[in-house]
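Working notes for the structure below.
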Amino acid sequence: AVFTEEEEAEEPVSDLETMRNEVLVFNTNCPECGAPASTNMKLVNIPHFKEVIIMATNCDGCGHRTNEVKSGGATEELGTRISLHVTDPSDMTRDLLKSETCSVIIPELEFELGMAALGGKFTTLEGLLKDIKDLIVVKNPFVCGDSSTDDRVQKLAQFGEKIDKIVAGELKIHLILDDPAGNSYLQNVYAPEEDPEMTVEKYTRTFEQNEELGLNDMKTEGYQEEN
Ligand SMILES: [Zn+2]
């Protein structure tokens with residue numbers, strides 16, 4: 001079945017109610033090998049945050065698994081910048097929602113993952129770090145090559161080792177989730193108390209950020225309707 005955002009917007013509320021209680025299954029093709037596969041779709045309520053749609057595809061053919069989060073296209077009024085000082089191995093189990101528009105920054109490693117590089121994910125901090133390592137080190141297209149890339153290969157290997165150390169709790173870093181759409185979340189394990197290791201900043205988007213999110217056009221349309 002073809003699923004588009006337009007169709008989603010037109011779904012009556014009763015279908016949302018249905019989705020809260022069951023998993024919708026539809027047929028797709030595996031993005032990796034092209035074999036017929038099924039995608040499970042579920043509406044999930046994230047405590048202290050909001051509801052998101054999680055789509056999971058498992059391929060019986062090649063074993064490929066994806067888990068994608070859709071925030072329903074809605075953009076919050078303010079952007080969010082979440083900063084966590086990772087100080088303890090238990091931080092790895094924190095739930096984390098990285099929306100499609102969220103950048104991931106680790107200043108200590110001089111690392112920044114731009115928006116859209118990894119898609120939307122609902123995972124844990126450990127899951128995100130493993131996805132980053134997978135994307136940067138394992139799947140990197142520049143890894144196999146001639147001697148001119150040796151230096152790069154070495155740097156990538158070092159990066160992978162540092163990620164492993166963070167996961168093992170041997171390297172303390174700051175993890176920053178910067179989402180101009182405000183749709184990302186990191187679990188506060190002290191809730192409802194404040195988290196001493198985490199800061200959450202709300203900010204007004206710049207014109208460029210609105211442009212990147214395609215919001216400047218939408219605003220024009222909205223104002224026209226009001227007149
Ligand atoms: Zn497959």
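The values are calculated or read from the model by the stated rules, or taken from the named source; none is laboratory data. Not measured: the values here are computed from a predicted model. Because the Cβ atoms are built from the backbone with ideal geometry, glycine has one as well, and the counts that use them run over all protein chains shown.
Of everything in region 50-102, what is under 19 Å from T199 (Cα atoms) and of a type in the set (G, A, S)? Give them in sequence order.
G79, S83, S90, S99
Say we look at region 32-49 and pick out the residues that are near the ligand (Cβ under 8 Å from one of its atoms) and in a loop (DSSP other than H, G, I, E, B); which of these is farthest from F207 (Cα to Cα)?
This residue is A35.
Among the residues of region 123-134, are any out of contact with any strand residue (DSSP E or B) (no Cβ under 6 Å at 6 or more places or on another chain), over 29 Å from G169 (Cβ atoms) and surrounded by 14 or more Cβ atoms within 10 Å (Cβ to Cβ)?
no
Has region 22-45 got at least one residue that is modelled with pLDDT under 50 and either surrounded by 12 or more Cβ atoms within 10 Å (Cβ to Cβ) or in the same structural domain as R94 (by TED's automatic domain parsing) (or both)?
no
Per-residue answers, yes or no, for (1) part of a helix (DSSP H, G or I); (2) among the small types (G, A, S); (3) over 15 Å from A74 (Cα atoms):
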residue	(1), (2), (3)
I166	yes, no, yes
L171	no, no, yes
D178	no, no, yes
N183	no, no, no
P192	no, no, yes
V200	no, no, yes
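Identify, please: which residue in region 21-31 is within 12 Å of the ligand (Cβ to nearest atom) and part of a loop (DSSP other than H, G, I, E, B) and is, among those, nearest to the chain's Cα centre (by Cα)?
P31
Could you say which residue among L135, L118, L109 is in contact (Cβ under 8 Å) with a residue 40 or more places away in the chain and not aromatic (F, W, Y)?
Testing whether each residue is in contact (Cβ under 8 Å) with a residue 40 or more places away in the chain and not aromatic (F, W, Y) leaves just L109.
Give the number of residues within region 189-208 that are touching a Pro at 6+ places or on another chain (Cβ under 9 Å) and β-branched (V, I, T).
1
Taking the options K172, K202, K162, name whichever one is surrounded by 14 or more Cβ atoms within 10 Å (Cβ to Cβ), assigned by TED's automatic domain parsing to the domain that holds E112 and either at pLDDT 95 or above or on the phi < 0 side of the Ramachandran plot (or both).
Within the list K172, K202, K162, the selection yields K162.
Mind listing just one residue for me: the one in region 50-86 that is hydrophobic (A, V, I, L, M, F, W, C) and outside any strand (DSSP E or B) and, of those, farthest from the ligand (Cβ to nearest atom)?
Checked region 50-86; the qualifying residue farthest from the ligand (Cβ to nearest atom) is L78.
Please state which one of D195, D178 is of a type outside the set (K, R), in contact with a Lys or Arg (Cβ under 6 Å, 6 or more places away or on another chain) and either modelled with pLDDT under 95 or in the same structural domain as T93 (by TED's automatic domain parsing) (or both).
Just a single option satisfies the conditions, and that option is D178.
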